[in-house]
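The values are calculated or read from the model by the stated rules, or taken from the named source; none is laboratory data. As the structure is a prediction and not an experimental result, all values here were calculated from the model. Cβ coordinates were reconstructed from backbone atoms using ideal geometry, including for glycine residues, and neighbour counts include every protein chain displayed.
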Amino acid sequence: MSSEFYEMTADKFIFKVKKGLLYTENDVWIKQENGSIRMGITDFIQRRGGDIIYVQLPKVGDQVGRVEEVVQLETIKTVMDIKSPIEGTVSQVNDILDAKPERINEDPYGEGWLLMISVANIDLDKKELMTDEKYFELMKTKIEDELKKKKGVNP
């Protein structure tokens, strides 16, 4: 196992959770950076959703509320609405994704990040987030439940 990630193998896939980040139940990660947070989606949700073909990002300066839809991802399978785990102002968006939305599938914890949000009081919103260890356990449960459904076993 990589020291940078928690990993779980299911079917033919290796699912990774990057250590040192905070997570939501809805498969979003954040990283604190000098009064702002960088936000993206997890490896688990990008694998479940399929190949991302279009990304609709907010504009710099937009105000976002906690648990408010902030990004829309279109995949070959579905459209995913991504909610902000933090209240604040969009300070930067990942412009690379306009031309290369597949970066999210290739590197969800790196070049595939979505946006930066300037926050006034991150401590309030952090109470609703989970550690990397807790998210890894939640992800394992989600994967196990999906595998049971595929096999026709009720979870």
A careful count of residues in region 9-25 that are in a strand (DSSP E or B) and surrounded by fewer than 17 Cβ atoms within 10 Å (Cβ to Cβ) gives 4
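Only one residue in Val67, Val60, Val28 is under 25 Å from Asp132 (Cβ atoms), in contact with a Ser or Thr (Cβ under 8 Å, 6 or more places away or on another chain), free of Cβ contacts under 8 Å to residues at least 40 places away in the same chain and of a type outside the set (Ser, Thr, Tyr). Which one?
One residue alone meets the criteria, Val67.
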Among Asn34, Asn26, the single one that is among the polar types (S, T, N, Q) and at positive phi is Asn34
Subset of region 69-112, residues among the charged types (D, E, K, R), in contact with a Gly (Cβ under 7 Å, 6 or more places away or on another chain) and more than 19 Å from Leu22 (Cα to Cα), comes to Lys77, Arg103, Glu106
Given (1) surrounded by fewer than 16 Cβ atoms within 10 Å (Cβ to Cβ); (2) within 15 Å of the chain's Cα centre (by Cα); (3) not aromatic (Phe, Trp, Tyr), Gly40 misses just (1)
Of the residues in region 79-134 that are within 25 Å of Tyr54 (Cα to Cα) and among the acidic types (Asp, Glu), the one that is surrounded by the most Cβ atoms within 10 Å (Cβ to Cβ) is Glu87
Reported set for region 145-155 where residues are of a type outside the set (A, V, I, L, M) and either within 23 Å of the chain's Cα centre (by Cα) or modelled with pLDDT of 90 or more (or both) is Asp145, Glu146
